[in-house]
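Quick notes on the structure that follows.
The values are calculated or read from the model by the stated rules, or taken from the named source; none is laboratory data. Quantities reported herein were computed from a predicted structural model and do not represent experimental measurements. No Cβ is skipped: glycine too gets one built from the backbone with ideal geometry, and neighbour counts run over all protein chains shown. Calculation scope for accessible area: heavy atoms of the full protein, side chains included, ligands and nucleic acids excluded. Shrake-Rupley method; radii C 1.70, N 1.55, O 1.52, S 1.80 Å.
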Amino acid sequence: MQRFLKIPLWFFCIAACIGLLLRWHFVSPLPWLVFPYWLHAHSHLMFLGWVFNALYLVYVLKFIPTENHKRYKILFIILQVLLVGMLISFPVQGYGAVSIILSTLHTVVAGIFCWWFIRDSRHNNTKMISLQYARYSLIFFLISAAGPFSLGPLMANGMVQSQWYYFAVYFYLHFQYNGVFVFGVLSLFYTLLEDNNVLMNQIMSAQSARILFIGTVLSYVLSVLWAKPHFMFNIIGMAGAAFQILAMTLFIRSTPKPWSSFKAILAPQARTLFQLAAMAFLLKTILQFISAHPDMARLAYEVRPVVIAYIHLVVIGVVTFFLIGWYIQKGAMAVNPLMIKAFVGGFIGSELVMISGVTGFVISGEWSVFLVFIFSTLMVLSAGSFLMSAGHRKN
C-alpha cells in the first residue's frame with residue numbers, strides 16, 4: 001500500500017488544474033466549457049481522489065494487519081478505475097447516466113471499505129484515540145451517502161430545483177468535509193502522537209471525539225438555514241457549533257504540555273503546515289457558530305464567493321495543509337520551502353479576494369476574478385511540485 005501514496009497527489013494535482021481552468025473561465029469565458037459539469041469533476045476528484053484516497057491508504061497502513069492488505073489493494077484499484085471514469089464522464093455530461101452510475105458504484109465500493117475496516121480493525125487496541133477518530137470518519141462517510149442516493153428519486157420526481165434537492169447536496173457536503181475529512185485529519189494527528197509515544201489524556205481525548213461527533217451531526221442544520229426554517233433550527237445549529245467549540249477545548253487540553261515536546265519531533269515544514277491547519281480549524285469553528293445567526297445564514301447563501309471561500313477554508317486550509325504536512329513528516333515527499341510559501345500565499349490571497357466584498361474592501365469584479373486566477377495559479381504550481389517531490393524520502 002505504501003507505493004500507492006503518490007496516487008492521491010495525482011488526483012489532487014488534476015483537481016487543482018481543473019479548478020484553475022474554472023477560474024480562467026471567469027477571466028475569459030471558454031465556449032466549450034460547461035461550468036457545472038467541470039465543477040462536478042473538480043469537487044469529486046478533490047473529495048474522493050485526494051482526501052478520501054489519502055485517508056484510505058493511511059488507515060490501512062496504520063490499522064490493518066499486513067496479511068489483510070491484498071484485498072484492500074484490489075478494492076483501492078477498483079476505486080481508482082471509477083475515479084478515472086468520473087474524470088472523463090463528468091466534464092462530458094455532468095450528472096448524466098454514466099457519471100451517476102460511476103459515482104454510485106464508488107460510494108458502494110467505498111462503503112465496503114468502511115465495513116471491512118471497522119470489522120478488521122477490531123483486533124487493534126480500541127483505546128487508541130486515532131482509531132476511534134478513523135472509525136467515526138468512516139461512519140460519517142456512510143451517513144453522507146444518503147445525500148447522493150436521494151438525488152435519483154428527487155430528479156425522477158422533477159425536484160431538481162427544489163429545496164429538498166439542495167438539502168441533499170448540502171447533506172453530502174457537510175458530512176464529507178466536516179465529518180469524514182475533519183475526523184480523518186484528527187485521526188492522523190493522533191497517529192503522530194501515538195507513533196512518537198507522546199503522552200496525552202486518553203479520557204479527555206475520547207470525550208472530545210464523542211462531543212465533536214454530536215456537534216457535527218447537529219451543525220448540519222446550519223447548511224439549511226438559507227431556507228428560513230423555524231427559528232428553532234438556528235438554536236439547534238448554534239448548539240451544534242457550541243458542541244464543536246467544547247470539543248476543541250477538550251482536544252487542546254488533552255494534548256501534550258508543553259507543546260515544545262511535540263514540536264521537537266516535527267519537521268520544520270510539517271510543523272508550519274500543522275499550525276496553519278490548526279488556525280484554519282479554529283476559524284472554521286468560529287464561523288460555524290456565527291453562521292447560526294439568521295443574517296449571517298442569509299449572507300452565506302446569497303454571496304456565492306463566501307460559500308466557496310468557506311469550503312476552501314476546510315478542504316484546503318484545514319485538510320490539505322495537514323495532509324501535505326503529514327506527507328512531509330512521514331518522509332513521503334521532500335518539498336522546496338518556496339513552494340510551501342507559494343501554496344500558502346496563493347490560498348490566503350484567494351480567500352481574501354473572495355471575501356473582500358463582505359469585509360467592505362470591495363475589489364471590482366474584473367480585477368477580483370483575475371486576482372483569484374493568479375493566486376490559484378500559485379497553488380496549482382505548488383501542487384505540481386508536491387507531486388514531483390513525492391517518493392523522495394528523508395535520510
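Just give me the residues in the range 81-95 being open to solvent by less than 60 Å² (accessible area, probe 1.4 Å) and under 22 Å from the mean Cα position of the chain (by Cα), in sequence order.
Passing the criteria: 82, 83, 85, 86, 87, 90, 91, 94.
Does residue 235 count as open to solvent by 70 Å² or more (accessible area, probe 1.4 Å), in contact with a helix residue (DSSP H, G or I) (Cβ under 6 Å, 6 or more places away or on another chain) and assigned to a helix (DSSP H, G or I)? Talk me through it step by step, then tell me what you get.
On the way: open to solvent by 70 Å² or more (accessible area, probe 1.4 Å): yes; in contact with a helix residue (DSSP H, G or I) (Cβ under 6 Å, 6 or more places away or on another chain): no; assigned to a helix (DSSP H, G or I): yes.
It is false that residue 235 is open to solvent by 70 Å² or more (accessible area, probe 1.4 Å), in contact with a helix residue (DSSP H, G or I) (Cβ under 6 Å, 6 or more places away or on another chain) and assigned to a helix (DSSP H, G or I).
Would you point out which residue out of 209, 241 is in a helix (DSSP H, G or I), open to solvent by less than 20 Å² (accessible area, probe 1.4 Å) and more than 30 Å from residue 304 (Cα to Cα)?
On the way: 241 fails: more than 30 Å from residue 304 (Cα to Cα).
Answer to the check: 209.
One line per residue, one yes/no per condition, for (1) closer than 30 Å to residue 211 by Cα; (2) hydrophobic (A, V, I, L, M, F, W, C):
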position: 40; (1), (2): no, no
position: 44; (1), (2): yes, no
position: 94; (1), (2): no, no
position: 139; (1), (2): yes, yes
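A quick yes/no check of all residues on (1) among the hydroxyl-bearing types (Ser, Thr, Tyr); (2) out of contact with any Gly (no Cβ under 8 Å at 6 or more places or on another chain); (3) over 22 Å from residue 133 (Cα atoms):
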residue	(1), (2), (3)
33	no, yes, yes
38	no, yes, yes
41	no, yes, yes
55	no, no, no
62	no, yes, no
66	yes, yes, no
74	no, yes, yes
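Counting residues that are open to solvent by 40 Å² or more (accessible area, probe 1.4 Å), closer than 14 Å to residue 220 by Cβ and of a type outside the set (S, T, N, Q), which helices (runs of 4 or more DSSP H) fully inside the range 96-183 reach at least 3? Before you say what the answer is, go through the steps one by one.
Numbers: elements: 97-120, 129-144, 146-156, 163-174.
In the range 96-183, the matching helices (runs of 4 or more DSSP H) lie at 163-174.
Condition (residue is of a type in the set (D, E, K, R), open to solvent by 10 Å² or more (accessible area, probe 1.4 Å) and at pLDDT 95 or above) applied to the range 72-80: is it met by at least one residue? Working first, answer last.
At the first step, the residues of the range 72-80 found to be of a type in the set (D, E, K, R) are 73.
Checking the rest, the ones that are also open to solvent by 10 Å² or more (accessible area, probe 1.4 Å) come to 73.
Filter again for at pLDDT 95 or above, leaving 73.
Checked against the condition, which is being of a type in the set (D, E, K, R), open to solvent by 10 Å² or more (accessible area, probe 1.4 Å) and at pLDDT 95 or above, the range 72-80 yields at least one hit.
Could you grab the pairs with beta carbons closer than 6 Å, sequence gap of 6+ or different chains, first residue in the range 57-81 and closer than 15 Å to residue 112 by Cβ, second one not in a helix (DSSP H, G or I)?
60/1
Give me the residue from the range 1-60 that is among the β-branched types (Val, Ile, Thr) and farther than 22 Å from residue 339 by Cα and, out of that set, surrounded by the fewest Cβ atoms within 10 Å (Cβ to Cβ). Before the answer, list the steps.
To start, the set of residues in the range 1-60 that are among the β-branched types (Val, Ile, Thr) comprises 7, 14, 18, 27, 34, 51, 58, 60.
From what's left, farther than 22 Å from residue 339 by Cα: 27, 34, 58, 60.
Values: 27: 13, 34: 15, 58: 23, 60: 25.
That would be 27.
Being buried (at least 16 other Cβ atoms within 10 Å of the Cβ), without any contact (Cβ under 8 Å) to a residue 60 or more places away in the chain, in a helix (DSSP H, G or I) and among the hydroxyl-bearing types (Ser, Thr, Tyr), is that true of even one residue in the range 272-288?
yes
Taking the conditions exactly as written (in contact (Cβ under 8 Å) with a residue 24 or more places away in the chain, surrounded by fewer than 19 Cβ atoms within 10 Å (Cβ to Cβ) and part of a helix (DSSP H, G or I)), does residue 204 satisfy them or not?
yes
Test residue 181 against the criterion of being touching a residue at least 12 places away in the same chain (Cβ under 8 Å), under 14 Å from residue 135 (Cα atoms) and under 16 Å from the mean Cα position of the chain (by Cα), and give yes or no. Give the derivation first.
On the way: touching a residue at least 12 places away in the same chain (Cβ under 8 Å): yes; under 14 Å from residue 135 (Cα atoms): yes; under 16 Å from the mean Cα position of the chain (by Cα): yes.
Here the answer is yes, as residue 181 does meet what is asked.
Which of the following residues is touching a helix residue (DSSP H, G or I) at 6+ places or on another chain (Cβ under 7 Å) and open to solvent by 40 Å² or more (accessible area, probe 1.4 Å): 335, 307, 314?
Values: 335 fails: open to solvent by 40 Å² or more (accessible area, probe 1.4 Å); 314 fails: open to solvent by 40 Å² or more (accessible area, probe 1.4 Å).
When all the criteria are applied, what remains is 307.
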